[in-house]
1. Quick one: residue 105 ticks every box in (1) in a loop (DSSP other than H, G, I, E, B); (2) touching a residue at least 24 places away in the same chain (Cβ under 8 Å) except a single one, so which number is it?
2. Which residue out of 122, 102 is within 27 Å of residue 284 (Cβ to Cβ), surrounded by 23 or more Cβ atoms within 10 Å (Cβ to Cβ) and in contact with a strand residue (DSSP E or B) (Cβ under 7 Å, 6 or more places away or on another chain)?
3. Kindly check whether there is at least one residue in the range 30-44 that is surrounded by fewer than 18 Cβ atoms within 10 Å (Cβ to Cβ) and under 22 Å from the mean Cα position of the chain (by Cα).
4. Report yes if residue 260 is in a strand (DSSP E or B), in contact (Cβ under 8 Å) with a residue 40 or more places away in the chain, over 19 Å from residue 29 (Cα atoms) and in the same structural domain as residue 230 (by TED's automatic domain parsing), otherwise no.
5. Here are some conditions: (1) closer than 18 Å to residue 146 by Cα; (2) modelled with pLDDT of 85 or more. Residue 206 meets all but one. Which one does it not meet?
6. I'm trying to understand the selection: among the residues of the range 148-183, which are over 22 Å from the mean Cα position of the chain (by Cα), part of a loop (DSSP other than H, G, I, E, B) and modelled with pLDDT of 75 or more?
7. Taking the range 203-212 on its own, how many of its residues are over 11 Å from residue 187 (Cα atoms) and either in a loop (DSSP other than H, G, I, E, B) or in contact (Cβ under 8 Å) with a residue 60 or more places away in the chain (or both)?
8. Tell me which residues, restricted to the range 304-328, are surrounded by fewer than 23 Cβ atoms within 10 Å (Cβ to Cβ) and part of a strand (DSSP E or B).
């Protein structure tokens, strides 16, 4: 999808590009590497691991090109593999899907096949944006940190990296623990102000997964998402309402809820976390008492405190009768920063 693969005295040259996701400004947002694997080439898992570790970004995406030397017609469905900076492959993540979609949609791609299953992608509601239908199986776990932490003392050795500011610590202990899918879990810590959000520190937090999560859900990523509600924006994200056969027009979606967030995983802070944004939006939608419109719109800003502002849009479609989630769509923009080739 990036043209023919060149040859060198040392072998193949794999084309790659880097994009900053959830932004239109270079050096903002969340960086992502996208490596194209030619249709007639098969990389080993170890080769992919080494390349991902060399980029050392939060994620690197490998795209299996479906254009061969005998056909130049691209297909609408491509396989993608998502690897983290340690070289491990993960089934799904939001910002790699949006970054890959922004690159591939102009080439006719409409579906990305991930290890978590196929993900439909399309042009998004804002100019230059793309959206993706996100797999979801939302689970609000029964326990909170207060139920399993042995002591909330500021000086206890086993306090699981709780924040040192007492008011923040109290919020962490009482925060709900929510999974967007099995293996992607977040402690959703609501804070009262941007000042409080700015006080959050990286603590090397660990979680008592066996005690904290429900049976059958004790695996994968468990991280902390701190958030502040900023109010409503009447512009919203798309119309979000299916066509109806009645003569009465459907109610308009409510204003988009504006939120500022920070995501911490151990000693790392992430500038943009699509899965966390979808998890938070899903949880807030389930808690919302509005029974007029089935649509919930969210505009989430992350990464400000680390100098990489990211703008994430999420739309949640609800079934009002059962108060269940029908669909979750993640949307954002991306801008290319670098391109080149990787010799093998």
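The values are calculated or read from the model by the stated rules, or taken from the named source; none is laboratory data. Fair warning: this is a prediction, and the values are worked out from it, not measured in the lab. Neighbour counts are summed over all protein chains in view; Cβ atoms, including those assigned to glycine, are modelled from backbone coordinates with ideal geometry.
1. (1)
2. Every option except 102 fails the conditions.
3. no
4. no
5. Condition not satisfied by residue 206: (2).
6. The answer is 149, 160, 161, 162, 163, 164, 165.
7. Count: 6.
8. So the first thing to find is which residues in the range 304-328 are surrounded by fewer than 23 Cβ atoms within 10 Å (Cβ to Cβ), and the list is 304-309, 311, 317-327.
Answer for the range 304-328, where residues must be surrounded by fewer than 23 Cβ atoms within 10 Å (Cβ to Cβ) and part of a strand (DSSP E or B): 311, 317, 318, 319, 324, 325, 326, 327.
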